[in-house]
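S.K.: Once you've had a glance at the structure underneath, I'll fire off some questions.
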Amino acid sequence: MLLRKATVKDAPQIFQLLQMFAIEGLLLPRSMNSIYENIRDFFVYEVDGKIVGVGSLHIFWEDLAEIKSLAVLPEYQHMGIGKKIVKACIEEAKQLGIKKVFALTYVPEFFKKLGFKETDKSQLPQKVWTECIHCIKFNDCKEIPVLIEL
């Protein structure tokens, strides 16, 4: 078992894992191009050469970053993998001098256990006006914003 930064060769497995959750409506879809363009944002959790968990830290502004594309294969859930990925993202944010990290999630309780608090999307204008505005779910978004101050 290994938590590490993603490499370019991981992109196809990252895509497949995220696509599985996107098809179920649990994550927004990511294109292969988007994964390649943002590969440096990703952490992967590997078991016997297979990526079973993924998450990314995307910088928005000098003091704001988002945890995105957090997913763990169903058979590996409830084993602490998602928690380890989130903690790695938070640690990287601290190293970069980021003051606030947020996520948009359907599972706010998971993040609350890690110290996040629910917030309002109005507190995240960089996200709303650069990405959310272009999302097909913009007018009917059910994701709950959570935020942690570092």
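S.K.: If you check residue 59 against the conditions, is it on the phi < 0 side of the Ramachandran plot, outside any strand (DSSP E or B) and not basic (Lys, Arg)?
M.R.: Details: on the phi < 0 side of the Ramachandran plot: yes; outside any strand (DSSP E or B): no; not basic (Lys, Arg): yes.
For residue 59, the condition - on the phi < 0 side of the Ramachandran plot, outside any strand (DSSP E or B) and not basic (Lys, Arg) - is not met.
S.K.: I would also like to ask the following. Just one of 91, 75, 46, 109 is at pLDDT 95 or above, surrounded by fewer than 20 Cβ atoms within 10 Å (Cβ to Cβ) and in a strand (DSSP E or B); which is it?
M.R.: Numbers: 91 fails: in a strand (DSSP E or B); 75 fails: in a strand (DSSP E or B); 109 fails: in a strand (DSSP E or B).
That would be 46, the only listed residue that is at pLDDT 95 or above, surrounded by fewer than 20 Cβ atoms within 10 Å (Cβ to Cβ) and in a strand (DSSP E or B).
S.K.: Also: Quick check on my filter: what residues within segment 29-43 are within 13 Å of the chain's Cα centre (by Cα), hydrophobic (A, V, I, L, M, F, W, C) and surrounded by fewer than 18 Cβ atoms within 10 Å (Cβ to Cβ)?
M.R.: Across segment 29-43, the qualifying residue is only 39.
S.K.: Does residue 42 count as among the aromatic types (Phe, Trp, Tyr) and closer than 18 Å to residue 6 by Cβ? Before you say what the answer is, go through the steps one by one.
M.R.: On the way: among the aromatic types (Phe, Trp, Tyr): yes; closer than 18 Å to residue 6 by Cβ: yes.
When the stated conditions are applied, residue 42 passes them.
Yes/no per residue for (1) small (Gly, Ala, Ser); (2) free of Cβ contacts under 8 Å to residues at least 40 places away in the same chain; (3) in contact with a His (Cβ under 8 Å, 6 or more places away or on another chain):
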site	(1), (2), (3)
73	no, no, no
83	no, yes, no
86	no, yes, no
94	no, no, no
97	yes, yes, no
104	no, no, no
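S.K.: Related question: Within segment 3-18, track down each residue that is in a helix (DSSP H, G or I) and of a type in the set (Val, Ile, Thr). Before you say what the answer is, go through the steps one by one.
M.R.: First, the residues of segment 3-18 that are in a helix (DSSP H, G or I): 8-18.
Those that are in a helix (DSSP H, G or I) and of a type in the set (Val, Ile, Thr): 8, 14.
S.K.: Within the group 82, 53, which residue is outside any strand (DSSP E or B), crowded, with 18+ Cβ neighbours inside 10 Å and modelled with pLDDT of 95 or more?
M.R.: Values: 53 fails: outside any strand (DSSP E or B).
None of the others qualify; the one that does is 82.
S.K.: Also: Which residues, counting only those in segment 21-43, are without any contact (Cβ under 8 Å) to a residue 24 or more places away in the chain and in a helix (DSSP H, G or I)?
M.R.: Filtering segment 21-43 for residues without any contact (Cβ under 8 Å) to a residue 24 or more places away in the chain gives 22-25, 29, 31-34, 37-38.
Within segment 21-43, 22, 23, 32, 33, 34, 37 meet the criteria.
The values are calculated or read from the model by the stated rules, or taken from the named source; none is laboratory data. For clarity, every value in this text was computed on a predicted model and none was experimentally measured. All Cβ positions, even for glycine, are placed from backbone atoms using ideal geometry, and neighbour counts span all protein chains on display.
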